[in-house]
Amino acid sequence: MDVGIFMEFPRPKGATDAQVFDRAFKIIDLAESSGLHSVWLAELHFEPEQSVLSSPVVVAAAAASRTQRLRIGLAVAVLPLYNPLRLAEDVATLDHIAGGRIDFGVGRSAAPRGYIGMNIPYAESRQRFSECLQVIQKAWTHDTFSHHGQFYHYDDVRVVPRPFQQPHPPIRIATNSPGTYLFSGKAGIPIFLSVRGVRSQLVEHVASYCEAWESAGHPGKPHLSLRIPVYVHEDRRRALEDPKASAMNFYRQLIETVGTPIPSLSDEENRERAERGQRLRSITYDDILKTDLAYGTPDEVTEKLLELKETFNLSCVIAEPNFGRLIPQDKELASLQLFAEKVAPKL
């Protein structure tokens, strides 16, 4: 099983942009030197107090230039916010810079802030996502093509360069809703999972994805990657206490992100968002330790991740080393080093 890390380039209170980038590249360097398989870059817009990672393609090019073997993934490019032809050009160029070490993770994002800031209706996100992905796949697999859809119109265009990897970098879709699981399975596209709350619901969603994959006649087995917060310490008490405030900070922020009504959405969709927010308001640290987190000693974290691997037939685990963005760098680096040395080899 492949083992990677997920990064958001978080901004500690009082840190400058330059300090944030310096800190993040130290973690990428550690991932390269410690033998981890991959690093995955988030995309966050208009969150100056939280993150500086608004341009993952540019950061991925920088990461590729300072590493030799590490695979570099987007997790995820928020497709409805892009011009699909320009993104196809940029990612193909990035794939050449990296010598074929790029993975193309895509999604819609549950956060409305990027859509509001770029004046794109969130209610159109599902349709825009599907059409944008379709255009990008055409651009990478046809010498010349035309496209006339709901949002994008092109005549006889030819995108250059073609990607280094043929026919294109591996595509993965971030899945949250039942419809996305079915769409991904029918399309035969690997997916990202996130453990959030009720395990039985995730089991059902994954089963529907696998059934859709098989029914569509796609060869091989579905490829599933799990993103999960990880914190490792030899002292179990420290392993649970050190990241506690950061983890709870994530859920406080998540209430605003996914629990706030969006005017352009339907009443049913906003009702679902409100219900999700209500559940998050009552969550406790003990709750998420049982369901959402892999925190503990090296043996405890290894055992939990192997159990998840077995449950979901995982191909990849993507550890989130600074869940909630508040873990000091010395503790984050120490946990990540311990994870790479004592957990990852056993997975």
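Could you list, in sequence order, the residues of the stretch 211-223 that are within 21 Å of Asp103 (Cβ to Cβ) and assigned to a helix (DSSP H, G or I)? Don't jump to the end; show me each part of the working.
The first filter runs over the stretch 211-223 and keeps only residues within 21 Å of Asp103 (Cβ to Cβ), leaving 213, 218-223.
Within the stretch 211-223, Trp213 is the sole residue that qualifies.
Quick check, is Ile262 more than 25 Å from Leu336 (Cβ to Cβ), aliphatic (A, V, I, L, M) and touching a Pro at 6+ places or on another chain (Cβ under 6 Å)?
On the way: more than 25 Å from Leu336 (Cβ to Cβ): yes; aliphatic (A, V, I, L, M): yes; touching a Pro at 6+ places or on another chain (Cβ under 6 Å): yes.
Judged against the criteria, Ile262 is a match.
Test of understanding: among Ile327, Ile318, Ile262, which residue is farther than 21 Å from Arg108 by Cβ and either of a type in the set (Val, Ile, Thr) or touching a helix residue (DSSP H, G or I) at 6+ places or on another chain (Cβ under 9 Å) (or both)?
Exactly one residue qualifies, and that residue is Ile327.
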- Note on the structure: Of those in the stretch 147-171 that are in contact with a helix residue (DSSP H, G or I) (Cβ under 9 Å, 6 or more places away or on another chain) and part of a strand (DSSP E or B), the residue nearest to Asn83 (Cα to Cα) is Tyr154
- Message: Filter the stretch 85-126 down to the residues that are of a type in the set (Gly, Ala, Ser), outside any loop (DSSP other than H, G, I, E, B) and touching a residue at least 60 places away in the same chain (Cβ under 8 Å) and list them by number.
- Response: Ala88, Ala92, Gly105, Gly107, Gly114, Gly117, Ala123
- Message: If Gly105 meets every condition in (1) small (Gly, Ala, Ser); (2) within 19 Å of the chain's Cα centre (by Cα); (3) surrounded by fewer than 23 Cβ atoms within 10 Å (Cβ to Cβ); (4) closer than 30 Å to Asp143 by Cβ apart from one, which number is that one?
- Response: (3)
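Just to confirm my filter: which helices (runs of 4 or more DSSP H) fall fully inside the stretch 258-334 and include at least 3 residues that are surrounded by 17 or more Cβ atoms within 10 Å (Cβ to Cβ)? Explain how you work it out, then say what you get.
Working: elements: 267-281, 285-291, 298-312.
Helices (runs of 4 or more DSSP H) meeting the threshold: 267-281, 298-312.
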- Query: Is there any pair with a first residue in the stretch 257-285 that is more than 24 Å from Leu44 (Cα to Cα) and a second that is modelled with pLDDT of 70 or more and not small (Gly, Ala, Ser) whose Cβ atoms are under 7 Å apart and which are 6 or more apart or on different chains, and what are they?
  - Reply: Ile283/Tyr251; Tyr285/Lys244; Tyr285/Met248
- Of all residues in the stretch 208-248, which are under 24 Å from the mean Cα position of the chain (by Cα), loosely packed, with under 15 Cβ neighbours inside 10 Å and at pLDDT below 95? Gly220, Lys221
- Looking only at the stretch 188-203, and only at residues there that are touching a Phe, Trp or Tyr at 6+ places or on another chain (Cβ under 9 Å) and in a helix (DSSP H, G or I), the one that is surrounded by the most Cβ atoms within 10 Å (Cβ to Cβ): Leu202
- Flagged in the stretch 43-52 as under 19 Å from the mean Cα position of the chain (by Cα) and either at pLDDT below 95 or surrounded by fewer than 22 Cβ atoms within 10 Å (Cβ to Cβ) (or both), in numbering order, are Leu44, His45, Phe46, Glu47, Gln50, Ser51, Val52
- Query: Of the conditions (1) of a type outside the set (Lys, Arg); (2) assigned to a helix (DSSP H, G or I); (3) over 17 Å from Leu36 (Cα atoms); (4) modelled with pLDDT of 95 or more, Gln253 fails just one. Which one is it?
  - Reply: (4)
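Looking for whichever is of a type in the set (Lys, Arg) and touching a strand residue (DSSP E or B) at 6+ places or on another chain (Cβ under 9 Å) here; the options are Arg271, Arg236. Which one fits?
That would be Arg236, the only listed residue that is of a type in the set (Lys, Arg) and touching a strand residue (DSSP E or B) at 6+ places or on another chain (Cβ under 9 Å).
The values are calculated or read from the model by the stated rules, or taken from the named source; none is laboratory data. Please read all numbers here as calculations on a predicted model, not as lab measurements. Here the Cβ is made from the backbone with ideal geometry for all residues, glycine too, and neighbour counts use every protein chain on show.
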